[in-house]
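*Asks:* First the structure, which I've put down as structure tokens, then a few questions once you've had a look.
The values are calculated or read from the model by the stated rules, or taken from the named source; none is laboratory data. Predicted model, so just to flag it, every value in this text is computed and none were measured. Here Cβ is always computed from backbone atoms with ideal geometry, including for glycine, and neighbour counts include all displayed protein chains. Ligands, DNA and RNA are stripped out before the accessible areas are found, and what is left, the full protein with its side chains, is counted by its heavy atoms. Shrake-Rupley method; radii C 1.70, N 1.55, O 1.52, S 1.80 Å.
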Amino acid sequence: MEFIEAKQRAAELKELININSRAYYTLDAPVITDFEYDELFRELKRIEEQFPELKTDDSPTQKVGDNISQGFKEYTHKYRLYSLDNSNNYDDLDKWYERIKKEYPNEGDIELVTELKIDGLSCALSYENGDLKVGATRGNGIIGENITENIKSIKSIPQKLSRNINLEVRGEVYMPVSSFEKLNEENIEKGIKEFANPRNAAAGSLRQLDANITAHRDLHFFAYTAISEDKSLFKTHAEALNLLKELGFDVNPNYFISKGINPVKEKCKYWETERFSLDYATDGMVIKINDLAKQNELGYTSRAPKWATAFKFPPEEIWTKLEGIELSVGKTGIVTPVALLKPVQLAGTIVKRASLHNFDEIKRLQINTGNEVLIKKAAEIIPKVIRKRENEDFGVYEEPKYCPSCHSELIKPEGEVALYCPNTLGCPAQIEGRIEFWASKDGVDIDGVGESVITKLMEKNLINDFADLYKLTIDDFMQLDLVKEKSADNLYNAVQNSKKPTMTKFLTALSIKLIGKETADLIANEYSTLEEIQNAKSEDLVKIDGIGEKAANSIVDFFNNEYNKKILEKLKLYGVNPKGSAFEKISNIFEGKTFVITGTLSKPRNIFEERIKKLGGKVSSSVSKKTSYVLAGDNPGSKFDKAHSLGVIILNEKDFDILSEGNNAL
Ligand code: AMP
Ligand code: ZN
């Protein structure tokens, strides 16, 4: 690039970044995506590296965050806050680590602490003699906004520490994704503009002049830094985190200590996709040198510490073209529109399709083939469409009248938004959907028997419902031209091995309308045999906590239906039946207690489930306020975080053993 051209582009970039940084930091209402912002920032950095004379003091690359909005008192930070250098590729991580190693040529691998980069709002809390004196935003790093009153309304921030020490604590204020979605729903109803993402919702809620509003928003705080003049308190970053925990702060549990950079890269890769199972937004990982003496030696640039760096995940949101809308008919007859997209790279995968939920959603989005749409990866694997480009008009996709599979006229039951194909027993798409679901991971989990195998089996008229899977012989499977990994032997064995599912899996796999895994759990906890469930009356079922009238009726209807009765008969004939959940109770010590299990334990999960049930307890697959205990093994999932945020007691295996003590012989 020529100097003249570079100078012009740099000026352009500075202005663009300044405008967008104001929208992001001061107004809490970004216009471009974080990824687009980072790209502008990186481009400017590259130009400034090539032409250092363009690196002026007022360049955004030399500053932190943005200015103070009017209305708050300014607060001069006791210790300056910095930003973090970041990259989005592993080579840069290697380079950063190599630079550090060069400073310590006589040492082996350096100890690093890697944490999730929480996508919230960073705050500095100042404690004197154990009392919370000031809470402030980062601002430009030197001066921030004094938001002490607002900070005091956040429950996970202690106002009094368990020790009377002077301490500066930094961390991230965030809003759980679930609360963000709820807040946005409420805002839509009230006709207030939605927040673009959980970070903006957190920032917008925290930076309210009226602290009462803040108090009504679900805000939490993860502490990630402690600073003290008393050098005896901690000597490493990991020790500081331990102290923070001891003092009553929430420290995000997903940090780890490693020697060298390779394990860090592995963890970055892991969290790149796993982050979607958390109930808070993370936009990357932060890697810090553990030893505080080394941190001091390495020091800072004008903007960021040299002893830390951030790895940014690929964007969660990206613009692409809506090339069409496809209709898919589900196992219960619901017709769902699916967005067909021009393929784009998003958060580590190539995306071609996105969920549109229902036809009301299409009306709300005002979209049609041809629109540019912003898509986002959320908790689900399949991304969703957030909005279209403003001022782009391709009309609105019209609701279909007929089932794309069997051409029956579609119906919309009272009080529901979904469109249904009413031809439950004759619609090929529904039949296939039910068989696929039966065999899927959420069903009885038949390894290797997925969409392609099932389609072929149906084409050859070998199966008409999921019970037919169990009469298939090895010869039948040989008739399909299968890919090598899926030998006929393997598929046959996988089918035969699925004959004894748990009661929950069995009930879920039947595709009863309104009965998902959680409801199936509730029923499985209550009844011990399939016969009892088949004979249960609606008035019995509604007595189960968590089962409403609609669900109860749906169960009764299902088991009274002649077609379903035939399928159940066939299943019985082929020897497919749920493992009895009739556990001989040995004691009642867990009476009235509901357990949820997450993570990897030392023994298979069902061993723990049986033990809980034998002691009179119940097992559920999702955490709610009614959960008594969460039993967490290694690498726990989102259930752990949910339990944490609801204040549910979390047990490790040892705790669990102690709790069920005296009954260890089970
Ligand atoms: P940036 O917003 O790109 O300047 O990145 C720096 C910011 O990352 C900090 O100011 C914090 O708000 C945020 N952050 C989130 N999680 C962490 C963490 N675990 N350690 C340090 N900073 C974090
Ligand atoms: Zn149909």
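*Asks:* Checking residue 277 against (1) small (Gly, Ala, Ser); (2) within 12 Å of ligand 1 (Cβ to nearest atom); (3) open to solvent by 30 Å² or more (accessible area, probe 1.4 Å), which test does it fail?
*Replies:* All conditions pass for residue 277, except number (2).
*Asks:* Now for a different question. Got a number for residues in segment 440-466 being among the polar types (S, T, N, Q) and within 26 Å of residue 503 (Cβ to Cβ)?
*Replies:* 2
*Asks:* Take the residues of segment 424-443 that are open to solvent by 50 Å² or more (accessible area, probe 1.4 Å) and within 15 Å of ligand 2 (Cβ to nearest atom): which is nearest to residue 517 (Cα to Cα)?
*Replies:* The extreme case among them is 424.
*Asks:* Ok, one more. Determine, yes or no, whether residue 172 is within 28 Å of the chain's Cα centre (by Cα), farther than 27 Å from residue 241 by Cα and either buried (at least 22 other Cβ atoms within 10 Å of the Cβ) or without any contact (Cβ under 8 Å) to a residue 12 or more places away in the chain (or both).
*Replies:* In short, no.
*Asks:* Considering only residues that are under 24 Å from the mean Cα position of the chain (by Cα), buried (at least 18 other Cβ atoms within 10 Å of the Cβ) and at pLDDT 90 or above, which ones fall in segment 363-385?
*Replies:* 365, 373, 375, 385 - these are the residues of segment 363-385 that are under 24 Å from the mean Cα position of the chain (by Cα), buried (at least 18 other Cβ atoms within 10 Å of the Cβ) and at pLDDT 90 or above.
*Asks:* Answer yes or no as to whether residue 354 is over 26 Å from residue 439 (Cα atoms) and small (Gly, Ala, Ser).
*Replies:* When the stated conditions are applied, residue 354 does not pass them.
*Asks:* Quick one: residue 113 ticks every box in (1) in contact with a strand residue (DSSP E or B) (Cβ under 7 Å, 6 or more places away or on another chain); (2) part of a helix (DSSP H, G or I) bar one, so which box is it?
*Replies:* Here residue 113 meets the rest and fails (2).
*Asks:* Looking at (1) open to solvent by 20 Å² or more (accessible area, probe 1.4 Å); (2) in contact with a Phe, Trp or Tyr (Cβ under 7 Å, 6 or more places away or on another chain); (3) among the aliphatic types (A, V, I, L, M), can you tell me which one residue 84 breaks?
*Replies:* So residue 84 meets the others, but not (2).
*Asks:* Give the number of residues within segment 11-42 that are open to solvent by 50 Å² or more (accessible area, probe 1.4 Å) and charged (D, E, K, R).
*Replies:* The total comes to 5.
*Asks:* If you don't mind, there's one more thing I want to ask. Suppose we filter 481, 468 for residues that are modelled with pLDDT of 95 or more, of a type in the set (D, E, K, R) and either open to solvent by less than 50 Å² (accessible area, probe 1.4 Å) or farther than 21 Å from residue 576 by Cβ (or both); which single one remains?
*Replies:* Answer to the selection: 468.
*Asks:* Determine which member of the set 335, 385 is more than 16 Å from ligand 2 (Cβ to nearest atom) and either within 29 Å of residue 282 (Cα to Cα) or not acidic (Asp, Glu) (or both).
*Replies:* Every option except 385 fails the conditions.
*Asks:* A further question follows. Quick one: which residue in 321, 306, 294 is within 16 Å of ligand 1 (Cβ to nearest atom), among the charged types (D, E, K, R) and either in the same structural domain as residue 515 (by TED's automatic domain parsing) or modelled with pLDDT of 95 or more (or both)?
*Replies:* 306
*Asks:* Go through (1) in contact with a helix residue (DSSP H, G or I) (Cβ under 7 Å, 6 or more places away or on another chain); (2) in contact (Cβ under 8 Å) with a residue 40 or more places away in the chain one by one and return the number of the condition residue 429 breaks.
*Replies:* If we test residue 429 against (1) in contact with a helix residue (DSSP H, G or I) (Cβ under 7 Å, 6 or more places away or on another chain); (2) in contact (Cβ under 8 Å) with a residue 40 or more places away in the chain, just (1) comes out false.
*Asks:* Give the residue, chosen from 340, 346, 419, that is open to solvent by 20 Å² or more (accessible area, probe 1.4 Å), aliphatic (A, V, I, L, M), outside the structural domain of residue 198 (by TED's automatic domain parsing) and in contact with an Asp or Glu (Cβ under 8 Å, 6 or more places away or on another chain).
*Replies:* Just one listed residue meets the conditions, 340.
*Asks:* Against the condition surrounded by fewer than 16 Cβ atoms within 10 Å (Cβ to Cβ), farther than 27 Å from residue 330 by Cβ and modelled with pLDDT of 95 or more, how does residue 496 come out, does it pass?
*Replies:* In short, yes.
*Asks:* Of (1) on the phi < 0 side of the Ramachandran plot; (2) open to solvent by less than 20 Å² (accessible area, probe 1.4 Å), residue 323 satisfies all except one. Which?
*Replies:* Only one criterion in (1) on the phi < 0 side of the Ramachandran plot; (2) open to solvent by less than 20 Å² (accessible area, probe 1.4 Å) is unmet by residue 323, namely (2).
*Asks:* Further question on the same structure: Got a sec? Which of 154, 118, 100 is more than 16 Å from ligand 1 (Cβ to nearest atom) and among the β-branched types (Val, Ile, Thr)?
*Replies:* 100
*Asks:* Still on this structure, I have one more. Would you confirm, using the coordinates I've provided, whether residue 518 is assigned to a helix (DSSP H, G or I) and either farther than 19 Å from residue 574 by Cβ or of a type in the set (Phe, Trp, Tyr) (or both)?
*Replies:* yes
*Asks:* So residue 11 fits all but one of (1) in a loop (DSSP other than H, G, I, E, B); (2) away from ligand 1 (no atom under 14 Å from the Cβ); what number is the exception?
*Replies:* For residue 11, the failing item is (1).
*Asks:* Return the only residue of 54, 44 being more than 30 Å from residue 203 (Cα to Cα), not assigned by TED's automatic domain parsing to the domain that holds residue 206 and not small (Gly, Ala, Ser).
*Replies:* Every option except 54 fails the conditions.
*Asks:* Hey, another quick one. When only residues in segment 320-332 that are part of a strand (DSSP E or B) and of a type outside the set (Val, Ile, Thr) count, which is farthest from ligand 2 (Cβ to nearest atom)?
*Replies:* 321
*Asks:* If you don't mind, another one. Considering each of 610, 653 in turn, give the residue that is closer than 30 Å to residue 280 by Cα and of a type in the set (Asp, Glu).
*Replies:* Of the residues listed, the single one that is closer than 30 Å to residue 280 by Cα and of a type in the set (Asp, Glu) is 653.
*Asks:* Within segment 407-421, which residues are within 14 Å of ligand 2 (Cβ to nearest atom) and without any contact (Cβ under 8 Å) to a residue 40 or more places away in the chain?
*Replies:* 407, 408, 409, 411
*Asks:* Select from segment 254-274 the residues that are within 20 Å of the chain's Cα centre (by Cα), surrounded by 14 or more Cβ atoms within 10 Å (Cβ to Cβ) and more than 15 Å from residue 314 (Cβ to Cβ) and list them in ascending order.
*Replies:* 254, 255, 267
*Asks:* Follow-up. For segment 120-168, enumerate the residues that are outside any loop (DSSP other than H, G, I, E, B), within 19 Å of residue 75 (Cα to Cα) and open to solvent by 30 Å² or more (accessible area, probe 1.4 Å).
*Replies:* Hits for segment 120-168 are 128, 131, 133, 143, 146, 149, 152.
*Asks:* Can you list the helices (runs of 4 or more DSSP H) found entirely within segment 191-276 that contain at least 2 residues being within 28 Å of residue 637 (Cβ to Cβ) and at pLDDT below 95?
*Replies:* The helices (runs of 4 or more DSSP H) meeting that bar are 198-206, 262-274.
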